Every structure is written in structure tokens, then in C-alpha cells.
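Derivation of every value follows stated rules applied to the coordinates shown; laboratory data play no part. For clarity, every value in this text was computed on a predicted model and none was experimentally measured. Heads up, the Cβs are rebuilt from the backbone with ideal geometry, glycines too, and the neighbour counts pull from every protein chain shown.
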Amino acid sequence: MTIETCAKVNLTLEVLRRREDGFHELATVFQAIDLTDRLTFRRADSLSLEVRGVPVPSDSRNLVHRAATLLARTYGIEPAVHIRIDKRIPVGAGLGGGSGNAAGALAGLARFWDLPTSDDELAGLAATLGSDCAFFIRGGAAVGRGRGELLEPLPTLTGYSLLLLGPRESVSTPAVYRALQGFRPDAGAATELLAAGLRSGAVPPPSAWLVNDLAEPAARVSARVAEDAEILAREAPGCAMLSGSGGAWFLVTEPERAEALRLELATIWPTRPMWLVRPVAWGQRVL
Ligand code: C5P
């Protein structure tokens, strides 16, 4: 059995405050996109993982390994499966690739092992693996609150293409949160504005809501992110934003403009991976 798992961008990402438990209270709009990885499950005597495409660990440091173990333990069964991960989503990019893989492993293995479970239950398990992991159980678009695990589904963004720029270096999420220097008093407003627009079907232009409170701290942590920020503010004002804690960027553009924009940016970064992607209404699916 093979499944496909999405990446995401944060169309808004607002940090409200630091919490007692060390995490940060967020208001964010997640949007799943059709840049995907594949997970293939095969019956085996014990749990093993094989990762192709990018060098990531295949032991219990891998979120998919932890997801399989967690699901099997929850249902009192042996995690007897071989999982092959074919990766295209860059890691350490703020695109949620590893979280999507883990959510896909939970939902996919629940089917593979024929377990009596529900999306709510799977999302609860996913939330223990990572703050943005629960989002990928249903995917599409959603407001994320709390650590990002309290989700309210939204209609998917339509009428725009997204041009993704791969990270020039991977960025450590905890380091970015540590580099935050304060909180905006109106944090949360952009998320409300976009969420209301998506619900009503009248989305204001991206310049009205495109915000990421992690962009500045990420630029303090990574010189590459700082350089990208400067170039994109000049080349694509009002439509480019860092995804999550970086270092991938995305540009929100009318579909007709997307290819010209890609060609223009390719003159600045000739070897940088770029993907023209679409918002999608799912998070993972069986192929
Ligand atoms: O939950 P996840 O493993 O994705 O979080 C990685 C790190 O990012 C956390 O250990 C924490 O330092 C930071 N984080 C945070 N507030 C959030 C999400 C993540 O401070 N809402």
C-alpha cells in the first residue's frame, strides 16, 4: 500500500505569547500544498524504515518510526511493517514534510492494520508527535491555535498558485523561537482576516494578511534567510513569505503570473529548487 503525504505553508503565522511549558501560543492558517512525499507499507516481521531522496535518519529519531510505534502500542499490536519513504519535500524547511509523513504513517497504518480508529483519535495521537502534525490528518486549510494542534477547518485557498523556493540552508525551529524578541499587540488579526475571507469566499489580497512573526527571528538565526528576505522584499513585494520557521519561502501569485515570476527568480538563483504548487483540500491519501 502506498500513500502520498503533503507539505504545508503557513499563509499566516502569528505568535501571541510564550507559554509556561516553553511552547508558544500561535494563530496560524495552515494550507496543504501538492508537493508530496510517498510512503509505502509492506508486511514484515518487525518495524524497519528506509528513506530515499534525502539523508534523514531511519531509526527512532524519524517521526514516522515514532508514529508507527505509537499507533501499534495504542492498539496493543506489534509494529510489524517495513516502511519506505520516498522524499521530495525538503527537510528543515518549515514545510512540515516530516510531520506530514508522520500523520500519513498514522492514518495509513490504521488502514493497513485495519484498526478501529477515527480522524479525531489519529489527530490526538499526531499532536503528541509534533505541534503541526495533527493538521496533516485532514489537511486542506485550517486555523491552528494553541501550539498549532487546535484546528478549525477552513475552505481551501483558491484563485492563487504558490511558487515555493527551496531552503538554502536548513533552520532549527527551537533556535528561531528562541530568537523572538517580542510580540505584536495586534498578533492574531491577520489570521482572523484571512480565515473570514476563506469562509466567505472573498479573500482580500495577500498583502493584507501575509505575515510570519518567525521571519525576523529566522533572519537573525540564518544569514541565508536574511539575504533571501532582502532580495524578495525588492523582487516580489507584498507576495513573498517565509514558511514556518524557514528556510523555504513561498510566493502567492495569480496562476497566470507564476511562470514569469519563476523565470525571473531563476535568474537570481539559477540552481535553487523551485516548485509551482497548488493549495489542496487534503493532507494525505492512498494512491
Ligand atoms: O512541536 P515541534 O516538535 O514541531 O516543535 C519544535 C520546537 O519548536 C519546540 O521544541 C519549541 O521549541 C518550538 N515551538 C514553540 N511553540 C510552538 C511550536 C514549536 O515554541 N507553538
> Residues of segment 1-48 being out of contact with any Asp or Glu (no Cβ under 6 Å at 6 or more places or on another chain), within 16 Å of the ligand (Cβ to nearest atom) and more than 20 Å from residue 96 (Cα to Cα), which ones?
Replying inline: 18, 20, 21, 22
> small (Gly, Ala, Ser) and surrounded by 24 or more Cβ atoms within 10 Å (Cβ to Cβ) - does that describe any residue in segment 78-91?
Replying inline: no
> Does residue 66 qualify as being assigned to a helix (DSSP H, G or I), surrounded by fewer than 23 Cβ atoms within 10 Å (Cβ to Cβ) and within 16 Å of the ligand (Cβ to nearest atom)?
Replying inline: yes
> Can we say residue 197 is surrounded by 14 or more Cβ atoms within 10 Å (Cβ to Cβ), farther than 23 Å from residue 99 by Cα and not acidic (Asp, Glu)?
Replying inline: yes
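For residue 237, state whether it is away from the ligand (no atom under 16 Å from the Cβ) and in contact (Cβ under 8 Å) with a residue 60 or more places away in the chain. Talk me through it step by step, then tell me what you get.
Working: away from the ligand (no atom under 16 Å from the Cβ): yes; in contact (Cβ under 8 Å) with a residue 60 or more places away in the chain: no.
In short, no.
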> Could you list, in sequence order, the residues of segment 182-214 that are touching a Gly at 6+ places or on another chain (Cβ under 9 Å) and assigned to a loop (DSSP other than H, G, I, E, B)?
Replying inline: 203, 204, 205, 209, 210, 214
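Would you please name the residue that is nearest to the ligand (Cβ to nearest atom), looking only at residues in segment 131-159 that are within 12 Å of residue 199 (Cα to Cα) and in contact with a Ser or Thr (Cβ under 7 Å, 6 or more places away or on another chain)? Lay out the reasoning, then the answer.
Here is the first cut: in segment 131-159, the residues within 12 Å of residue 199 (Cα to Cα) are 141-143, 152-158.
With in contact with a Ser or Thr (Cβ under 7 Å, 6 or more places away or on another chain) added as a condition, the list becomes 141, 143.
Values: 141: 18, 143: 14 Å.
Applying the filter and picking the extreme gives 143.
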> Taking segment 94-148 only, how many residues are surrounded by fewer than 18 Cβ atoms within 10 Å (Cβ to Cβ), touching a helix residue (DSSP H, G or I) at 6+ places or on another chain (Cβ under 8 Å) and assigned to a helix (DSSP H, G or I)?
Replying inline: 2
